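Enquirer: After the structure tokens below, expect a handful of questions from me.
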Amino acid sequence: MRLLAAASRQEPGCVSYIPHLVEGDPDTVLIYEQYRDAAAQDAHRDSEHYKQFAVGGLFQMMKERSVENLHALL
């Protein structure tokens, strides 16, 4: 997680990348990611560090995974 977060934060289109543990549930991790635009998000998912640390590492340890895309109101 540390390597993925550090590399993701270096991406030009990354505004924020913050992993969180859910209080009282140490098995649940929430990652708040914010990108400049959809192209920056796509670039993140196409990056070598994402493929190595997320797809090839973190995803392999997950019991389940869900993604919610948010749109800021302001």
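The values are calculated or read from the model by the stated rules, or taken from the named source; none is laboratory data. Quick caveat: nothing in here was measured; it's all calculated off a predicted structure. FYI the Cβ positions are ideal-geometry reconstructions off the backbone, even for glycines, and counts take in every protein chain you see.
Enquirer: Take the conditions in contact with a strand residue (DSSP E or B) (Cβ under 7 Å, 6 or more places away or on another chain), within 26 Å of Leu73 (Cα to Cα), of a type in the set (S, T, N, Q) and surrounded by 15 or more Cβ atoms within 10 Å (Cβ to Cβ) and apply them to Gln34. Does it pass?
Expert: No: the conditions fail for Gln34.
Enquirer: Please pick out the residue among Leu58, Leu73, Leu30, Leu21 that is free of Cβ contacts under 8 Å to residues at least 60 places away in the same chain, assigned to a loop (DSSP other than H, G, I, E, B) and hydrophobic (A, V, I, L, M, F, W, C).
Expert: Leu73
The rows are residues; the columns are (1) modelled with pLDDT of 95 or more; (2) under 10 Å from the mean Cα position of the chain (by Cα); (3) surrounded by 10 or more Cβ atoms within 10 Å (Cβ to Cβ).
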| position | (1), (2), (3) |
| --- | --- |
| Met1 | no, yes, yes |
| Leu4 | yes, yes, yes |
| Gln10 | yes, no, yes |
| Val15 | yes, no, yes |
| Asp27 | no, no, no |
| Gln41 | yes, yes, yes |
| Asp46 | yes, no, no |
| Ser66 | no, no, no |
| Leu70 | no, no, no |
